[in-house]
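The values are calculated or read from the model by the stated rules, or taken from the named source; none is laboratory data. Note that the coordinates shown come from a computational prediction; the quantities given were computed from them, not determined experimentally. FYI the Cβ positions are ideal-geometry reconstructions off the backbone, even for glycines, and counts take in every protein chain you see. In case anyone asks, the SASA skips ligands and DNA or RNA and just uses the protein heavy atoms, side chains included. Shrake-Rupley method; radii C 1.70, N 1.55, O 1.52, S 1.80 Å.
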Amino acid sequence: MSNGLFPAEVIGTRHVTPLMIRVTLGLDGYVSSGAADEYFKMFFPAEGQREPVLPEVVEGRWVYPEGVPEPVLRTYTVRRFTPGTGEMDVDTMDVDFVVHEGGVAAPWAMRARPGDRVGVSAAHGLHRPPREASWQLIVGDATALPAIGRIVEELPAGTSATVYAQVAGPAERQEFDTRGQADITWLYPGDIGLPEVVRRHDVRDAYVWAAGEAAAMRAIRKYLRHDLRLPADGFATLGYWRPAAEEWQRRFEQVAPDVRARVAVTRERGGDTEQCQDEFDAALEAAGL
Ligand SMILES: Cc1cc2nc3c(=O)[nH]c(=O)nc-3n(C[C@H](O)[C@H](O)[C@H](O)COP(=O)(O)OP(=O)(O)OC[C@H]3O[C@@H](n4cnc5c(N)ncnc54)[C@H](O)[C@@H]3O)c2cc1C
């Protein structure tokens with residue numbers, strides 16, 4: 001498909017660790033964005049369907065046929081993309097799923113079998129260390145491990161990264177090859193949190209990439225942007241998930257119009273992406289979210 005949406009089929013699954021399932025998908029036409037943390041929307045079949053209905057792209061918007069149950073969408077990272085080598089060989093994509101209770105994606109991965117069908121959107125990423133950064137500080141929880149794995153594996157020779165990965169226990173550790181130098185510390189429940197990790201480093205000449213639970217990421221962003229006043233290209237923080245997301249969403253819906261209005265005013269005044277994010281975060285904080 002040339003519209004940035006790709007039907008995909010499960011080729012195989014395996015446990016990377018007890019709480020991380022790797023699903024290998026076969027697909028055609030996907031092109032990597034090149035960013036090590038590239039992520040995409042995954043389309044899961046609606047209840048009662050065997051494969052997801054992918055939308056038409058009309059003037060840049062996704063439009064679904066009428067009367068058909070829409071697929072469920074979740075965001076995942078391209079852990080590895082391998083172009084096929086010959087005419088008979090399909091392109092493959094590895095996607096690593098954290099096992100957790102509830103939801104759609106995690107239980108889908110737990111029971112995925114060869115032949116199961118999903119959809120994949122074009123991917124984008126935010127990991128863009130500037131050339132002048134002398135080192136990288138990479139922090140994240142289990143959901144960020146697929147991106148962390150790629151960042152470490154794609155580190156250019158002669159560059160270094162200090163990595164903190166927060167996981168459920170020693171059995172969740174993974175090994176990554178690299179041509180660069182990566183110093184990885186594994187954090188377990190009861191150890192210091194990711195915001196504290198960032199505060200303990202002098203990151204003024206570093207590039208910082210942080211991803212994981214949304215509240216921790218908001219705290220890290222606030223510290224880097226407002227306390228340290230790092231330039232916008234000096235860091236990337238990404239909220240990947242929230243605990244009790246259903247309750248958070250219910251409360252967010254109550255304040256969403258106000259939050260969106262605040263962000264819109266900032267944008268109309270010429271505010272850039274970071275200023276709009278500041279406004280969004282401030283509005284959420286004011287609402288106790
Ligand atoms: C850019 C980006 C990249 C991501 N890449 C990955 C990835 O490669 N691998 C990966 O596993 N996740 C990744 N995530 C996180 C993933 O999108 C969320 O965890 C998502 O909520 C999972 O969907 P679900 O259908 O399983 O659960 P949902 O239906 O979204 O949520 C169901 C319940 O589970 C809770 N929940 C959701 N995620 C978790 C979790 N990780 N641990 C504990 N409880 C949870 C929610 O609070 C909710 O109560 C990424 C997110 C983003 C934004």
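Annotations
- The calculated pair-distance distribution of the chain uses every alpha carbon pair, bins of 5 angstrom beginning at 0, and gives 1, 5, 10, 14, 17, 17, 15, 11, 7, 2, 0, 0 percent.
- Charge sum, other residues only, whose C-beta stays under 10 Å from Gln166's C-beta, Lys/Arg counted +1 and Asp/Glu -1: -4
- Count Lys and Arg as plus one, Asp and Glu as minus one, and take only other residues whose Cβ is under 13 Å from that of Glu274; the net charge is then 0.
- Solvent-accessible area of Leu194, all protein chains in place: 10 Å² (probe radius 1.4 Å, heavy atoms, ligands and nucleic acids excluded).
- Centroid-to-centroid separation of the range 63-102 and the range 151-183 [C-alpha atoms, Å]: 24
- A straight line joining the Cα centroids of the range 21-53 and the range 272-289 runs 30 Å.
- Solvent-accessible area, 1.4 Å probe, carbon plus sulfur percent, for the range 245-286: 48
- Per DSSP, loop GluC sites (Glu not before Pro) in the range 1-60 with at most 10 further Cβ within 10 Å: Glu47, Glu59
- Antiparallel beta bridges, as assigned by DSSP with both residues in the range 28-186, represent about 55 percent of the total such bridges.
- Summed over qualifying helices (DSSP H, 4 residues or more, each -39500 (n - 2.57)) and divided by its residue number, the chain shows a 222 nm mean residue ellipticity of -7500 deg cm²/dmol.
- Accessible solvent surface per residue of the chain, calculated while the other protein chains remain in place, 1.4 angstrom probe, Å²: 54
- Interatomic Cα distance distribution for the range 140-289, bins of 10 angstrom, percent: 10, 34, 34, 17, 4, 0
- Antiparallel DSSP beta bridges within the chain, as percent of all bridges there, nearest 5: 60
- Counted charge near Thr75, where neighbours are those whose Cβ lies closer than 12 Å (Asp, Glu -1; Lys, Arg +1): 0
- Nonpolar atom fraction for the range 135-241, defined as the carbon and sulfur part of the 1.4 Å probe accessible area, stands at 48 percent.
- Residue ranking by accessible heavy-atom surface, 1.4 Å probe, largest first, among Arg117, Arg131, Arg267 comes out as Arg131, Arg267, Arg117.
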